1. Does segment 233-243 include one or more residues that are part of a helix (DSSP H, G or I), modelled with pLDDT under 95 and within 28 Å of the chain's Cα centre (by Cα)?
2. Can you tell me which residue in segment 296-313 is nearest to the chain's Cα centre (by Cα), limited to those that are touching a residue at least 40 places away in the same chain (Cβ under 8 Å) and within 13 Å of Ile266 (Cα to Cα)?
3. Output the qualifying pairs, or none if there are none: Cβ atoms under 7 angstrom, residues six or more apart or on different chains, first residue in segment 155-177 and open to solvent by 80 Å² or more (accessible area, probe 1.4 Å), second residue part of a strand (DSSP E or B) and polar (S, T, N, Q).
4. Quick one: in segment 180-197, which of the residues that are assigned to a helix (DSSP H, G or I) and of a type in the set (S, T, N, Q) is surrounded by the most Cβ atoms within 10 Å (Cβ to Cβ)?
5. Is there any pair linking a residue in segment 82-94 that is over 18 Å from Val178 (Cα atoms) to one that is not hydroxyl-bearing (Ser, Thr, Tyr), with Cβ under 6 Å and at least six apart or on different chains, and which?
6. Restricting to segment 59-96, and then to whatever is touching a Leu at 6+ places or on another chain (Cβ under 7 Å) and of a type in the set (Phe, Trp, Tyr), can you tell me which residue is farthest from Glu170 (Cα to Cα)?
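The values are calculated or read from the model by the stated rules, or taken from the named source; none is laboratory data. Everything numeric here is computed off the predicted structure, so don't read it as measured data. With ideal geometry, Cβ positions are generated from the backbone for all residues, glycine too; neighbour counts draw on all protein chains shown. Ligands, DNA and RNA are excluded from the accessible area calculation, which covers all protein heavy atoms including side chains. Shrake-Rupley method; radii C 1.70, N 1.55, O 1.52, S 1.80 Å.
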Amino acid sequence: MKKTIAFLILALSAFTAFTQESEFENHANGLIYSDTTVKQLKYIVDSLNLKFRVCELDKVYRAKSQAKAHFVALEKRDVIAAKKDIDSGISYEDFIRKYKQAETVKELLVVKYKYKGYEGEDIVELSSVGFDDQYKYGFEFEGDDLDQYDKPLKGRWIYRYSKKNKYDSESIRAFYFVEDFSQQPLPEKYARMIQYSDCMVDTATQVFFEGADENSVWLSDEKNTAPAKFMAYIHKSTNKPEYDENDSEKFWENLQAWDSLRITRIDSLRKIDLQFDNLLKEAVKEALETGSSDDEFEAYVELYYSPKTALELKRKRRVVG
């Protein structure tokens, strides 16, 4: 299965790189893939479909933990009084009757999420689902007392109070829950869709290497690294435009034009400049050791060094942001 996933990733990434320098090629079968490639893909999909037939077809899938709640928000005036009333357990009806100036939104669907923050801290997020471009409301909580959000919340308030500062007025925002959180079984139609993807994809396959660093989509800001030097060499040699804050629109036009010719220019550069392969070799060596890499650099590694090495670089970093 790992070989299958790797094959599909490399096939698609190689195809993406190819299309940067030419339009789709039409084969005799009328498709952008040859008969040989289509046959291989059909074989892969057929084998995965066979695997799906022996899956546990009565498995129950449940939605994220969710509940209905009303939302209120109050700024500037009567905030402290409202906070005291909420702490005392005032009902929603009495609250909106007493604080007529408060912003109110009724019967929101609130979903509870639990996840790890950037530094490994536990976070609970309560966030409304926005339908038809409806604004989403929510809070995040972290710390040691997160189990309280697993307790029954029907008839209770969850709020966030903010003191006045030089940027914002004093305020309080709160959910009033009209029911407890629950995880409803998904309808059969959607449960089978999820199950199909579960059976098609080996979720036990390790995508990232152990200890893979969390990384942004850009190379390190260090200009003296070998990968950074290689990228600077490529950009300078292919005349990549520099950002112009006085005319950003023109810059983006020039950048698009540069990008459309980028691969062709790099192909030509490699043929006439012997230092291309040497710089790339040094950059790859350091990138494998440090994990200093990004999408553009990996594309060059795949095209001009080794697709296998490009995949290894991708698995060494977890992209965030």
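1. No, segment 233-243 contains no residue that is part of a helix (DSSP H, G or I), modelled with pLDDT under 95 and within 28 Å of the chain's Cα centre (by Cα).
2. Taking the candidates together, the pick is Glu296.
3. Cβ pairs passing all conditions: Asp168/Ser162.
4. Gln195
5. Note: pairs meeting the criteria are Ala82/Leu74; Ala82/Ile172; Lys83/Ile172.
6. Only one residue fits best here, namely Tyr61.
Matching residues to (1) more than 30 Å from Lys59 (Cα to Cα); (2) more than 29 Å from the chain's Cα centre (by Cα); (3) loosely packed, with under 12 Cβ neighbours inside 10 Å; (4) touching a residue at least 24 places away in the same chain (Cβ under 8 Å):
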{"position": "Cys199", "(1), (2), (3), (4)": "no, no, no, yes"}
{"position": "Phe208", "(1), (2), (3), (4)": "no, no, no, yes"}
{"position": "Asn224", "(1), (2), (3), (4)": "yes, yes, yes, no"}
{"position": "Phe230", "(1), (2), (3), (4)": "yes, no, no, yes"}
{"position": "Leu274", "(1), (2), (3), (4)": "yes, yes, yes, no"}
{"position": "Leu288", "(1), (2), (3), (4)": "yes, no, no, yes"}
{"position": "Gly291", "(1), (2), (3), (4)": "yes, no, no, yes"}
{"position": "Asp294", "(1), (2), (3), (4)": "yes, no, no, yes"}
